[in-house]
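Single-structure report; data block below.
Read the figures in this text as sums done on the coordinates, not as results from a lab. Owing to the predicted nature of the structure, the values given are computational and were not obtained by experimental measurement. Cβ sites come from the backbone with ideal geometry, for glycine too, and all protein chains shown count toward neighbours.
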Amino acid sequence: MDAPAQTAASTVAAGIINPITGRRFVRSWRFGALMQEARLLYGQLERELGVTLWYDTPLVRTLFNRGEQNDWLARGGDQGYAEYLEDTPPLGNIPELTYPAFAYGGVRQTARVDLAALTAAYRAWLRKRNCLGEQPFDYGQLPPGYDRYVFCEGWRVRDNPYFGHLPRGGTKGEALLVRPDGPLLDRMLKHRVFLVPLADRGSYWVGASSANQFTDDAASPATEKYLADRLREVLRLPFTVEAHLAAVRPTVRDRRMIIGTHPTHPQLIIFNGLGTKGASLAPLGSRWLFDHLETGAPILPEVDSQRFAP
Ligand SMILES: Cc1cc2nc3c(=O)[nH]c(=O)nc-3n(C[C@H](O)[C@H](O)[C@H](O)COP(=O)(O)OP(=O)(O)OC[C@H]3O[C@@H](n4cnc5c(N)ncnc54)[C@H](O)[C@@H]3O)c2cc1C
């Protein structure tokens, strides 16, 4: 069941898969295993749904000053980082299309998953099989005839009375879809914001903002201006804003997924906490949940919903 009139993080996300994130260039948790499962699952979904979802796309990060460059070079010497960092990455058409920067670092093993195409194609697949209820879920009345109910509600889990004991997370994010007056970059660029070329549409995904305090999940003119200004700082070409997207990421304070069964009602199951990295976390997380439900495999304590048991 899904209420399509609501915003959903999955339909606005860029779907970037990135092993090195943040200002301190930290390696993502269990990245090798996540990547392996992601390639497998998105490949299966591409074949089943008949759509392209996976794009192997290099990522170049702007290093804004000597300090950042030193941190980058030092990070490359840390154990387990060399396979992900490139000190002198190929820049493709970045110099031609953007203003020069102090320096660049390359991130290896990056990709983009077209989550908007995935959600649209999967919705159509479910509809065709008469398997999708498209209305808000009535918590007062669990639909009869099922052994289990799996809740994947993103940040709106806060409205779920069965899981009211979970922490109330959420980080609002906004992004723009932008058409440049000229060619697209041939790789992703992380400057002040991410520029993600969507070659099939001739546009960029540009984002994102991040706000822990928010009163609604709507796109705001101030953030549109902020993102367009950041884009103008880097892109030489004029551009047109074609769409402004907004949604809330299901972030959790310990930054781990939330997977497991209700403490006292084992037929109620939760899969949440995908935070800022749903594209890479969801495939392995859902595999863990499936194995747990089908074979009783234990859930990793770090992601087990029982860590928040009342
Ligand atoms: C601007 C932005 C950029 C992002 N960029 C990236 C990125 O590049 N890479 C990455 O990996 N991640 C990114 N993310 C994060 C990613 O989008 C999330 O981790 C992921 O999409 C969360 O998926 P979800 O299914 O848990 O939640 P959602 O996608 O929000 O889906 C929850 C669904 O549950 C439905 N629902 C909730 N309550 C009810 C109810 N009561 N009845 C019926 N239906 C209900 C909602 O309608 C919605 O469809 C980004 C997020 C944002 C906002």
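Please give the per residue volume of the convex hull enclosing the alpha carbon atoms of the chain, rounded to a whole number of Å³.
Hull volume normalised by residue count: 150 Å³.
Mind computing the radius of gyration and Dmax over the alpha-carbon atoms of region 9-117? Å is fine for both.
Looking at region 9-117, its Cα Rg and Dmax stand at 15.5, 48 Å.
Determine, for each peptide in 205-214, 254-263, the mean count of other beta carbons within 10 angstrom over its residues, then list the peptides with the highest first. Mind dumping the intermediate values first?
Details: 205-214: 17.5, 254-263: 19.4.
So the order, starting with the most tightly packed, is 254-263, 205-214.
With labels modelled as points extended 7 Å from the Cα through the Cβ direction, what inter-label distance (nm, one decimal) is found for E134 paired with T264?
About 3.8 nm separates the two model spin labels.
Which whole-percent values make up P(r) of region 124-172 when all C-alpha to C-alpha distances are grouped in 5 Å steps starting at zero?
Going out from 0 Å in 5 Å bins, region 124-172 shows 4, 15, 23, 23, 18, 11, 6, 0 percent.
Starting from the Cα-Cα distance between D200 and R24, subtract it from 0.36 nm times their residue separation and give me the gain in nm to one decimal.
Value of the extension gain: 60.1 nm.
What fraction of the DSSP beta bridges in region 57-189 is antiparallel, stated in percent and rounded to the nearest 5?
Looking only at bridges with both residues in region 57-189, the antiparallel portion is about 80 percent.
Using 1/(1 + (r/R0)^6) with R0 = 35 angstrom and r between the beta carbons of Q36 and L73, what's the FRET efficiency to the nearest 0.05?
With R0 = 35 Å, the Cβ-Cβ based efficiency is 0.80.
Please give the length that would be gained between E242 and R287 if that part of the chain were fully extended, namely 0.36 nm times their separation in residues minus their C-alpha to C-alpha distance (nm, one decimal).
12.6 nm
With charges only on Cβ, +1 for K and R and -1 for D and E, what is the dipole size of the chain about its Cα centre, in debye, rounded to 20?
About 400 debye.
Please report Rg (one decimal) and Dmax (integer) in Å for the Cα set of region 167-310.
Expressed in Å, the Cα Rg and Dmax of region 167-310 come to 19.1, 58.
Dipole of the chain (Lys/Arg Cβ +1, Asp/Glu Cβ -1, origin at the Cα centre): which of L91, V51, P144 lies farthest to the positive side?
In the chain, that residue is L91.
Quick one: divide the alpha-carbon radius of gyration of region 157-236 by 2.2 N^0.38 Å and tell me what you get.
Details: Rg = 16.1 Å, N = 80, 2.2 N^0.38 = 11.6 Å.
It is 1.39.
Please arrange C131, C152 by counting, for each residue, the other beta carbons lying within 10 Å of its beta carbon, fewest first.
Ordered by Cβ neighbours within 10 Å, fewest first: C131, C152.
Could you check the spin-label model distance between T88 and T215? Points 7 Å from the Cα along Cα→Cβ, value in nm.
5.4 nm
Based solely on C-alpha atoms, express the radius of gyration and the Dmax of region 94-241 in angstrom.
Here Rg and the maximum Cα pair distance are 20.0, 61 Å.
Three principal axis extents, largest first, for the C-alpha atoms of region 192-238, in Å?
34, 23, 16
Suppose only helical runs count, i.e. DSSP H with n ≥ 4. What mean residue ellipticity at 222 nm does that imply for the chain under -39500 (n - 2.57) per run, divided by all residues and rounded to the nearest 500 deg cm²/dmol?
So the helix-based figure for the chain works out to -8500 deg cm²/dmol.
Between R255 and Y226, what is the spin-label point distance in nm, taking each point 7 Å from the Cα along the Cα→C-beta axis?
Spacing of the two 7 Å Cα→Cβ label points: 2.0 nm.
Let me know the number of lysine pairs in the chain closer than 27 Å at the Cα, not counting same-chain pairs under 8 apart.
Lysine pairs meeting both conditions in the chain amount to 6.
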